[in-house]
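The values are calculated or read from the model by the stated rules, or taken from the named source; none is laboratory data. In this text, all values refer to a predicted model and were calculated from it rather than measured experimentally. Cβ sites come from the backbone with ideal geometry, for glycine too, and all protein chains shown count toward neighbours. Only protein heavy atoms, including side chains, enter the accessible area calculation; ligands, DNA and RNA are left aside. Shrake-Rupley method; radii C 1.70, N 1.55, O 1.52, S 1.80 Å.
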Amino acid sequence: MNITSRQIGLLLLAVLLSYAFVLPLFHHGDPLQQALLNMLQAPSPAHLLGFDHLGRDMLPRLSAALRLSLGLAALCVISAICAGVLAGVVSAIYGGALDRLLGMLGDMCLALPGLLLVLLLAAIAPDSPQMLWLGISLVLWVEFFRVTRATLRPLVQSPGMQASKLLGFSAYYRFRRHLWPALAPVLLTVALFSFSSAIMAVSALGFISVGVRPPTPELGLMMTELLPFAWEAPWLLLQPVAALFLLLISLNLLMKKDRV
């Protein structure tokens, strides 16, 4: 039996999700509890990932960091999908001045680089995850808007759509019957790509201590904290790096189309 790249990506993602969300049900370690006598201890059978520079158990700490990155990225993508798809559907159906207005709003959001936009919002309310969520969502929604508008615009004037309208079917039925089947596969790919971008953005901002501050466990922030101990305890720095790498690889494998 041939294993496809998507199956490998799904398996990797399932393992990471299990580690992030199922582990806390069985392992009740505190990711914030410090025990300086355990600082920089190597992994052992009792503590599989060892301890960091403040004596915090890395097993629950890395799990909490994955939960934060996955949860925040998922929230950003869901918000972007809701706003982008709604705006794209309205723009494709009504067109005219409303289409130009929404297009101009999207161009305004893209006028600044994404990370710079998030940094500007973070400067308004420092140490606020809400601003982090808002900034990343403002960057991501434009792609959903443009893809939705471009996909649906030719379908709005299709004979099937016009016939359903003349027969008096509801707007929800017309969307579900004629528009959604063409839009769903495209949205899935864009959502996976946006999820990957959101995780990278959260980690990059955490690396420069924006939005999330110590002692909150977050992958990028953990890299910054553990970087000074890279030579003394390299296994510590490799853990958040490997977690981020495997997470991004799994999402990219899910987006890959296997050759027949």
Could you look through region 9-40, keep only residues that are part of a helix (DSSP H, G or I) and within 14 Å of residue 56 (Cβ to Cβ), and pick out the one that is most open to solvent (accessible area, probe 1.4 Å)?
-> 37
What do you reckon, is residue 67 under 20 Å from residue 220 (Cβ atoms), crowded, with 20+ Cβ neighbours inside 10 Å and basic (Lys, Arg)?
-> no
Expected single match for charged (D, E, K, R) and surrounded by 17 or more Cβ atoms within 10 Å (Cβ to Cβ) among 57, 107 is 57
Inspect region 209-227 for any residue being without any contact (Cβ under 8 Å) to a residue 12 or more places away in the chain, open to solvent by 60 Å² or more (accessible area, probe 1.4 Å) and under 20 Å from the mean Cα position of the chain (by Cα) and give the result as yes or no.
-> no
So which residues in region 123-138 are open to solvent by 20 Å² or more (accessible area, probe 1.4 Å) and under 20 Å from residue 108 (Cβ atoms)?
-> 123, 124, 131, 133, 134, 138
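Condition check ((1) free of Cβ contacts under 8 Å to residues at least 40 places away in the same chain; (2) within 24 Å of residue 241 (Cβ to Cβ)) across all residues:
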site: 45; (1), (2): yes, yes
site: 52; (1), (2): no, yes
site: 57; (1), (2): yes, yes
site: 91; (1), (2): no, no
site: 98; (1), (2): yes, no
site: 108; (1), (2): yes, no
Residue check, residue 189 farther than 21 Å from residue 57 by Cα, open to solvent by 40 Å² or more (accessible area, probe 1.4 Å), part of a helix (DSSP H, G or I) and of a type in the set (Val, Ile, Thr) = yes
Of these, 120, 112, which one is without any contact (Cβ under 8 Å) to a residue 60 or more places away in the chain, open to solvent by 50 Å² or more (accessible area, probe 1.4 Å), in contact with a Gly (Cβ under 9 Å, 6 or more places away or on another chain) and not basic (Lys, Arg)?
-> 120
So which of 154, 129 is without any contact (Cβ under 8 Å) to a residue 12 or more places away in the chain and not hydrophobic (A, V, I, L, M, F, W, C)?
-> 154
Quick check: is even one residue across region 139-151 loosely packed, with under 15 Cβ neighbours inside 10 Å and over 15 Å from the mean Cα position of the chain (by Cα)?
-> yes
From 250, 209, 196, residue being among the hydroxyl-bearing types (Ser, Thr, Tyr) and either in contact with a strand residue (DSSP E or B) (Cβ under 7 Å, 6 or more places away or on another chain) or at pLDDT below 90 (or both) | 209
Residue 221 vs. criteria of a type in the set (A, V, I, L, M), part of a helix (DSSP H, G or I) and closer than 14 Å to residue 64 by Cβ = yes
